[in-house]
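What follows is a single structure, written as structure tokens, with notes after it.
The values are calculated or read from the model by the stated rules, or taken from the named source; none is laboratory data. This one's a predicted model, so the numbers in the text were calculated from it and none came from an experiment. Heads up, the Cβs are rebuilt from the backbone with ideal geometry, glycines too, and the neighbour counts pull from every protein chain shown.
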Amino acid sequence: MVHLFEMLGSFFCLDVPSGSVITTDRLTYLLLMLRNGVPGALGELSTFSGEERAEAEAEIDGLIAEGVIFSPEIPDSVRLADGVVKAMCLNVTHDCNLRCKYCFADGGAYGGKRGSMSLDTAKAAIDMLLASSGTRRNLEVDFFGGEPMLNFETVKQTVAYARACEGAFGKRIRFTLTTNATVMDEGSIDFLNREMSNVVLSIDGRSEVHDSMRRFAGGRGSFARAKENALKFRAARGDKDYYVRGTYTAENLDFCSDVLFLNDCGFDKVSIEPAVLPAASPYALGMSNVDKLKGEYLRLAEEYYKRRSALGRDKFSFFHFMMDLSGGPCEKKRLLGCGAGAEYVAVSPDGGIFPCHQFIGRAEFGMGNVFDGLRPNGIPERFSANTVSSKDGCKKCWAKYYCSGGCAANAYNLNGRLDAPVDYLCELQKTRTECAIAVAALEASDGFGTADFGAAANKA
Amino acid sequence: MKHIRVIARAAIDRSEHTGCGECQASCQSACKTSCTVANQPCESKRVNRKEASGNK
């Protein structure tokens, strides 16, 4: 299977099984369309000479013989759950000082009581992670909530405890933290920059967009404080990883402006996600928004490529456009995806274990607790078998090795099934992937695109 | 070649030795609500690259 697409003024062909990528002139693109079963290309092809066509056909045949394009489909080798847990989302608090309108976590309470994780529970979670990680050396703990900085003392002491224990197990724990950036000072910024391998700061973009959604419990917008703290954090962060991350909703379909605004503010690493809400929500996105949203990703890809070319690639990274075309993850990782419910779990403040943070509070997905360990109830097997190889909607999708079949929690929350990806999220993911491949391909070839093949092979 | 430029060949490593599980969980980074996985670096390639550059 190959996927053909036009982006940033160039033509691309992705070979799905191998991940090979080529860029072509218009003539070759038309010939590839024909070979891919699109007869509409025939008319335009007649404007090229027989000699030119034969030349391009020969190049196509050569790459097919080499296995670069139209490579054979190979059965996927899924790695099923082996009882190893290597990544943990630690919900150190189920409380928040904000009341974001799109919050999936019920303003931090996750449909239950507000409260914080005790240090004893956090230590038991670390103990379980170290004991359950098998031969994996690199482990991960993400401090999440609610707002984890409301329980900063537990964060600090948990890191100290884990650092004291990891060596005896031969492990290295990477800590990350996701925060709304409203509860930070010099001391906590210094700690985060020292201990966290990645920090995600939630800002939605333009002040009016952010303040419409992300308000303090008293109703005041949180933009000014979040931006001020995040800029201080950025200034002190150096070259360590961080992302300023936003959520867009039906209220800001022009989200490209929010991404560019964040970059203009001085944030060089930005991510933005579509809100995932029930259709009844006034902020919900759906298939009716897809054309507009795809246009926004295209607008972003153009401006992104332009800015990186003009200012330097280190001045602007957009999470979903970062793709290493030759050194990305292996097949098994692409099939496994996030690993939720198998090698990745989330822990609630009372020590309950769930497949990921989005399943916390759903008793039917309870996997045990950090004091007694994982309960053998088939959830790891169920989640690890839920791959693109098993989902009917994914098996024939060209993007399956780039999205891993989407988020199981989103599928469950909106479609009631773990294996039923959400249609509009699939469409957006496909466009994001095309943008990412196009930008990466042009950057990998120092801007060599379709126009550089010359006018003769590109005539319309 | 005059009409085609190859940007990446056989980028998806399907060999037997892969799947070490040392790479970052994709939902731990900057999304938390989506599952973009292709932008995650391979940990073993990253370590190899670092070691190679350190030996120069």
Exercise for review: Among the residues of region A:304-321, write down those that are under 27 Å from residue A:423 (Cβ atoms) and assigned to a helix (DSSP H, G or I).
Suggested key: A:304, A:319, A:320, A:321
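Considering only region A:179-212, state which residues are in a helix (DSSP H, G or I) and basic (Lys, Arg). Walk me through it before giving the result.
We begin by selecting, within region A:179-212, every residue in a helix (DSSP H, G or I); these are A:186-195, A:207-212.
Answer for region A:179-212, where residues must be in a helix (DSSP H, G or I) and basic (Lys, Arg): just A:194.
Examine region A:178-186 for a residue that is among the small types (Gly, Ala, Ser) and touching a His at 6+ places or on another chain (Cβ under 6 Å), and state whether such a residue exists. Break it down stepwise before answering.
First, pick out the residues of region A:178-186 that are among the small types (Gly, Ala, Ser): A:181.
Still in the list and also touching a His at 6+ places or on another chain (Cβ under 6 Å): none.
Scanning region A:178-186 turns up no residue that is among the small types (Gly, Ala, Ser) and touching a His at 6+ places or on another chain (Cβ under 6 Å).
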Review point. Quick one: what pairs do we get from region A:224-243, first residue in the same structural domain as residue A:186 (by TED's automatic domain parsing) and surrounded by fewer than 16 Cβ atoms within 10 Å (Cβ to Cβ), second part of a helix (DSSP H, G or I) and at pLDDT 95 or above, C-beta under 6 Å, 6+ apart or different chains?
Key: A:236/A:189; A:236/A:193
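Residue-wise test of (1) β-branched (Val, Ile, Thr); (2) closer than 24 Å to residue A:25 by Cβ; (3) modelled with pLDDT of 95 or more.
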{"site": "A:424", "(1), (2), (3)": "no, no, yes"}
{"site": "A:435", "(1), (2), (3)": "no, yes, yes"}
{"site": "A:440", "(1), (2), (3)": "no, yes, yes"}
{"site": "A:458", "(1), (2), (3)": "no, yes, no"}
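When you scan region A:362-387, how many residues do you find that are surrounded by fewer than 18 Cβ atoms within 10 Å (Cβ to Cβ) and either assigned to a helix (DSSP H, G or I) or at pLDDT below 95 (or both)? If you could, list the steps in order and put the result at the bottom.
Initially, region A:362-387 is screened for residues surrounded by fewer than 18 Cβ atoms within 10 Å (Cβ to Cβ), giving A:362-364, A:371-378, A:381-382, A:385.
Next, from what is left, pick out any that are either assigned to a helix (DSSP H, G or I) or at pLDDT below 95 (or both): A:362-364, A:373-378, A:381-382, A:385.
Residues in region A:362-387 being surrounded by fewer than 18 Cβ atoms within 10 Å (Cβ to Cβ) and either assigned to a helix (DSSP H, G or I) or at pLDDT below 95 (or both): 12 in total.
What do you reckon, is residue A:324 crowded, with 17+ Cβ neighbours inside 10 Å, in contact (Cβ under 8 Å) with a residue 24 or more places away in the chain and either assigned to a loop (DSSP other than H, G, I, E, B) or more than 14 Å from chain B (Cβ to nearest Cβ) (or both)?
Details: crowded, with 17+ Cβ neighbours inside 10 Å: yes; in contact (Cβ under 8 Å) with a residue 24 or more places away in the chain: yes; either assigned to a loop (DSSP other than H, G, I, E, B) or more than 14 Å from chain B (Cβ to nearest Cβ) (or both): yes.
So residue A:324 fits the description; yes.
Pick from A:409, A:399: which is of a type in the set (A, V, I, L, M), within 23 Å of residue A:324 (Cβ to Cβ), within 10 Å of another protein chain (Cβ to nearest Cβ) and buried (at least 22 other Cβ atoms within 10 Å of the Cβ)?
On the way: A:409 fails: within 23 Å of residue A:324 (Cβ to Cβ).
It is A:399.
Search region A:30-56 for residues being in contact (Cβ under 8 Å) with a residue 60 or more places away in the chain and either within 9 Å of another protein chain (Cβ to nearest Cβ) or of a type outside the set (Phe, Trp, Tyr) (or both), and hand back the single one that is surrounded by the fewest Cβ atoms within 10 Å (Cβ to Cβ).
Kept after step one, since they are in contact (Cβ under 8 Å) with a residue 60 or more places away in the chain, are these residues of region A:30-56: A:44, A:47-48, A:52, A:56.
Among the residues that remain, those that are also either within 9 Å of another protein chain (Cβ to nearest Cβ) or of a type outside the set (Phe, Trp, Tyr) (or both) are: A:44, A:47, A:52, A:56.
Working: A:44: 14, A:47: 11, A:52: 19, A:56: 25.
Here the residue is A:47.
Looking at A:346, A:310, which one is modelled with pLDDT of 95 or more, of a type in the set (A, V, I, L, M), in contact with a Cys (Cβ under 6 Å, 6 or more places away or on another chain) and under 30 Å from residue A:234 (Cα atoms)?
Values: A:310 fails: in contact with a Cys (Cβ under 6 Å, 6 or more places away or on another chain).
Sole residue among the options that is modelled with pLDDT of 95 or more, of a type in the set (A, V, I, L, M), in contact with a Cys (Cβ under 6 Å, 6 or more places away or on another chain) and under 30 Å from residue A:234 (Cα atoms): A:346.
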Practice item. Go through region A:310-319 and give me each residue that's surrounded by fewer than 24 Cβ atoms within 10 Å (Cβ to Cβ) and facing chain B (nearest Cβ under 10 Å). Key: A:317, A:319
Exercise for review: Could you tell me whether region A:101-112 includes any residue that is of a type in the set (Asp, Glu), modelled with pLDDT of 95 or more and assigned to a helix (DSSP H, G or I)?
Suggested key: no
Check your understanding: If residue A:71 satisfies every condition in (1) touching a residue at least 60 places away in the same chain (Cβ under 8 Å); (2) of a type in the set (S, T, N, Q); (3) within 12 Å of chain B (Cβ to nearest Cβ) but one, which is the exception?
Key -> (1)
Check your understanding: Hey, among the residues in region A:227-263 that are part of a strand (DSSP E or B) and not β-branched (Val, Ile, Thr), which one's nearest to the other protein chains (Cβ to nearest Cβ)?
Key -> A:243
Exercise for review: Go through region A:422-452 and give me each residue that's of a type in the set (Lys, Arg) and over 16 Å from residue A:317 (Cβ atoms).
Suggested key: A:430
Check your understanding: Out of all the residues in region A:388-410, is one or more of a type in the set (A, V, I, L, M), in contact with a Pro (Cβ under 7 Å, 6 or more places away or on another chain) and assigned to a helix (DSSP H, G or I)?
Key -> no
